[in-house]
Amino acid sequence: MSRIMVIDDEKIVGDMSRMSLEQEGYEVETFLNAEPALARLKEEQFDIVITDYKMKGMDGMEVLRTIKTMYPEIKVIMITAFANLDTAIEALRGDVHDFFPKPVKIKELKASIKRALQKE
């Protein structure tokens with residue numbers, strides 16, 4: 001079973017993601033900010049991390065850089081309500097697997113997850 005971590009400071013986003021992805025058979029853990037999520041990565045293995053771009057404290061780019069440094073095999077999908085060309089380019093340069101503006105279409109997110117898992 002593939003394990004997915006969702007980091008988003010909007011609780012509803014994490015809850016809706018978890019509900020939708022668990023229906024697909026994924027094991028999902030949600031976090032409201034990055035610090036406890038990154039601590040959890042030290043304890044448990046995840047296949048995919050879905051992170052918000054703009055959060056209080058550590059932002060999504062910092063999460064992406066940390067994960068790619070410490071766990072390069074983990075695929076990162078970034079979502080944001082502040083999508084623009086600059087943020088997309090910055091994320092792609094950071095080796096993000098995919099980048100979605102909010103509100104995320106769950107069908108597109110599920111397709112992205114399937115593609116990320118097929119590359120393993």
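Per-residue HN-Hα couplings for the stretch 45-52, Karplus 6.51 cos²θ - 1.76 cosθ + 1.60 at θ = phi - 60°, whole Hz, x for Gly and Pro?
Each residue of the stretch 45-52 in turn: 8, 10, 8, 9, 10, 9, 10, 6 Hz.
What is the set of long-range amide H partners of K54 at a cut-off below 5 Å, with H atoms built 1.01 Å from backbone N?
Answer set, sorted by chain and number: G60, A81.
Add -39500 (n - 2.57) for each DSSP H run of 4 or more in the chain, then divide by its residues: what number comes out at 222 nm, to the nearest 500 deg cm²/dmol?
Values: 5 runs with 56 residues, N = 120.
Estimated from H runs of four or more residues: -14000 deg cm²/dmol.
Pick out, from A37, I50, T69, the residue whose Cα sits farthest towards the positive end of the charge dipole of the stretch 14-77, with +1 on the Cβ of Lys and Arg and -1 on the Cβ of Asp and Glu.
T69
Which entry is the computed Rg and Dmax of the Cα atoms in Å for this structure: [x] 14.8, 49; [y] 12.7, 35; [z] 14.3, 41?
Recomputing Rg and Dmax of the Cα atoms in Å here gives the entry labelled [y].
For the chain, what is the charge dipole size about the Cα centre, in debye to the nearest 20, if Lys and Arg each add +1 at the Cβ and Asp and Glu each add -1 at the Cβ?
280 debye
Under a point spin-label approximation (7 Å from Cα along Cα-to-Cβ), what is the I89-K56 distance to one decimal in nm?
3.2 nm
Skipping prolines and chain starts, which residues have an amide H placed within reach, meaning under 5 Å, of the one on T30, given they are 5 or more residues away or on another chain?
Amide H neighbours of T30, under 5 Å, 5+ apart: V6.
From the phi of every residue in the stretch 63-77, what ³J(HN,Hα) in whole Hz does the Karplus formula 6.51 cos²θ - 1.76 cosθ + 1.60 yield, where θ is phi - 60° and glycine or proline is x?
Calculated HN-Hα couplings, in order: 4, 4, 4, 4, 5, 5, 6, 8, 9, x, 6, 6, 7, 10, 10 Hz.
Which order do peptides 74-81, 101-108, 30-37 fall in by mean Cβ count within 10 Å, highest first? Display every interim value, and only then the final one.
Details: 74-81: 21.6, 101-108: 13.1, 30-37: 17.6.
Highest to lowest by the protection proxy: 74-81, 30-37, 101-108.
Values in this text are rule-based calculations from the coordinates and carry no lab data. Everything numeric in this text was worked out from a predicted model, so none of it was measured. For neighbour counting, all protein chains shown are included, and Cβ atoms are generated from backbone atoms with ideal geometry for every residue, glycine included.
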